[in-house]
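Down below is the structure, laid out as structure tokens.
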Amino acid sequence: MFQPRVLFRTLVPMLVPILLLGGCIMPAPQDATPAPTPVEPPMAESVPEPSPEDLTAVVNQDANVRTGPDTGHAVAYWLTVGDEVTVTGRNDDGTWLQIEYQDRPGWISATLIDIATEGAAEPAPEPEPTVEPTPEPEPTPAPTTATRPTVTVTGTVVNLRRGPGTEHPTAGQVRAGDRLQVEGRNADGSWLQILHPVGTDERVWIYGPLTDIDAAATLTLAEVAAVAVEIEVDPEPTPQPADEVPAPEPAVQPEPEAPAAPTVPASCTRLHTVNPNETRLAQITDWFGLDLAATAALNGIDADAPLTAGTQLCLAAGTVAAPPAAPAAEAPAHTPVSEPEPEPGLPHNPLFINTGRLTTCAVQADATAACWNAEGTPPAGTFRTVGSGEDFSCGLRTDGTVACWGAPPAPLGGTFTQIGVGTDNVCGLRADGNIECRDNSKNVHGGSTPPAGPFKAFSMGHKHGCGLRPDDTLSCWGSNSNGKATPPGGTFKAVSCGSGYTCGIRTDGTVACWGNLPGGTGSTPGGAFSMIEAGDFHICGLRPDGAMLCWGDNAEGQASAPGGTFLTVSSGFYNTCAVRSDGAMLCWGSKW
């Protein structure tokens, strides 16, 4: 990938107390370095009430809110970039701040919010010791008013049920991205009662993990008795989806005659492995700029025949050249695996990772930089982020200055809050919101001339860049081949530039991509994402629960996302790297 992402999980003590917005890619929630001596989380009664002296602050990246002032305490809830909170106190050294968000108290690392008003929060008062009174019979509590939120469906196709369990009859289906009104939950919170989306006043049930509701929100819902709801809906002419839990084996249906399998000619010099998102040949030929009829004839298949994941196709039709690729002799054969093991020598709990065209770099747990297959060696010192171009790499030091190695463009002087490294250039975001760039001699497409600020985040791709304005709209510059520098309207919370295309996360969490898209038009999946990473010819993203989804070209297995949950991901040329929830750094595809 061509631009940095925000820091995650742990931050070293050298970071400034209040970190300005550090990246355009929005990762999974993150924490700062734990305080040296864990303290007991404050009890609810010790949280001070907001007062006129309390400060307003804005969250500068997705972040965990904890029950006490270090990462040893449990996560109470989490916030997204742009959320406004009230600061009510701090710990002794000021590294953690006590906040309230929508009347919910908690603690957050001071590096993850920007103070919006002058002043300094005072330390949170220690609770006074109290003498336990003699227990008295408690009156029956008055019923609380439960919330009735809306949720978004994250499963591809999900059954609605007449009761909270798969033993109940189905009552219709919903699809990824559908919004539903929640009325309540079952006893353990695993099933949600909703208003039926067809417009009736009937209540039906959906399996909670197939929506974007979080555990904290589930606890605020009223418990509803498990009574089956009788409702008649018209059957939908869609395939029966995989159920929420293993379902009985369906009756055997007659199978249609299978289409002829592709026949790869012996003279083929460019193979492509079909990934699960590529169901039609037109998706592949559109992306690689090939003639559909000629490619179908080359492989001996019908142009409209459905494709099967894992099938190999020959793309060397000799009509239109494919995008630049590593020579076949330099691209080692690779068999994608579902659970790659951590590579020996890769850091554990890295603070930041970046996968470029030929180089992978990381900021290690001690904030030093390390790179693999790099042009040059990272200098000594501590860094916030790193990024790699075609034959050089650059890092943002903890003091805000920029260091580059390999064969970089002219240096960027002064200090910055974020850097972005493209194929042929490096850019930095100044504290005043303006972006300054330097090109090397190969870039003749105007990638060094971004429009005037202010910007709050940006990303660099192949001879183009895009930035996020304070009003959450996008502005792009540089080469506009295939419309990659012409963003759609609307508001966004992240942007990521690839080679011939660009992707962004809208404020509702859905992904929009434009330009010459990997996999062809319509290949972008639905549902909510917390992070998106555009590589040269493939894309990977993280769902809010940390699950990973990749799509686009999969020639080296770079789009075969492993299972499990992840903190961050970086998409490169024919490789992908990510940090798993346990801190392990994994890479797959060509890797280096």
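The values are calculated or read from the model by the stated rules, or taken from the named source; none is laboratory data. What you see is a predicted model, and the numbers here were worked out from it, not measured in a lab. As a convention, Cβ positions derive from the backbone with ideal geometry for all residues, glycine included, and neighbour counts pool all protein chains shown.
Count of region 469-486 residues, restricted to those that are under 14 Å from residue 517 (Cβ atoms) and assigned to a loop (DSSP other than H, G, I, E, B), is 2.
Residues in region 94-135 that are over 16 Å from residue 81 (Cβ atoms), small (Gly, Ala, Ser) and at pLDDT below 85: 119, 120, 121, 124.
If we scan region 402-416, do we find a residue that is of a type in the set (Gly, Ala, Ser) and within 26 Å of the chain's Cα centre (by Cα)? Looking for residues that are of a type in the set (Gly, Ala, Ser) and within 26 Å of the chain's Cα centre (by Cα), one finds none in region 402-416, hence no.
This table checks each residue for (1) in a loop (DSSP other than H, G, I, E, B); (2) surrounded by fewer than 21 Cβ atoms within 10 Å (Cβ to Cβ); (3) touching a residue at least 60 places away in the same chain (Cβ under 8 Å).
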| residue | (1), (2), (3) |
| --- | --- |
| 526 | yes, yes, yes |
| 533 | no, no, yes |
| 556 | yes, no, yes |
| 566 | no, no, yes |
| 570 | no, no, yes |
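If the condition is being part of a loop (DSSP other than H, G, I, E, B) and either surrounded by fewer than 21 Cβ atoms within 10 Å (Cβ to Cβ) or of a type in the set (D, E, K, R) (or both), then region 488-515 contributes 488, 489, 490, 491, 507, 508, 509, 510.
Find the residue count for region 184-209, including only residues that are within 13 Å of residue 174 (Cβ to Cβ), modelled with pLDDT of 85 or more and either out of contact with any helix residue (DSSP H, G or I) (no Cβ under 8 Å at 6 or more places or on another chain) or surrounded by fewer than 17 Cβ atoms within 10 Å (Cβ to Cβ) (or both). Adding up the residues that qualify gives 6. Residues that are assigned to a strand (DSSP E or B) and either within 20 Å of the chain's Cα centre (by Cα) or crowded, with 22+ Cβ neighbours inside 10 Å (or both) within region 57-85 comprise 57, 59, 63, 64, 65, 66, 75, 77, 78, 79, 85, listed in sequence order. How many of the residues making up region 373-399 are surrounded by fewer than 18 Cβ atoms within 10 Å (Cβ to Cβ) and without any contact (Cβ under 8 Å) to a residue 40 or more places away in the chain? The number of residues fulfilling the criteria is 7. Selection of region 363-404 for residues being farther than 18 Å from residue 423 by Cα and aliphatic (A, V, I, L, M) yields 363, 365, 367, 369, 370, 380.
Restricting attention to region 557-592, report how many residues are over 16 Å from residue 538 (Cβ atoms) and not hydrophobic (A, V, I, L, M, F, W, C). Residues meeting the conditions: 8.
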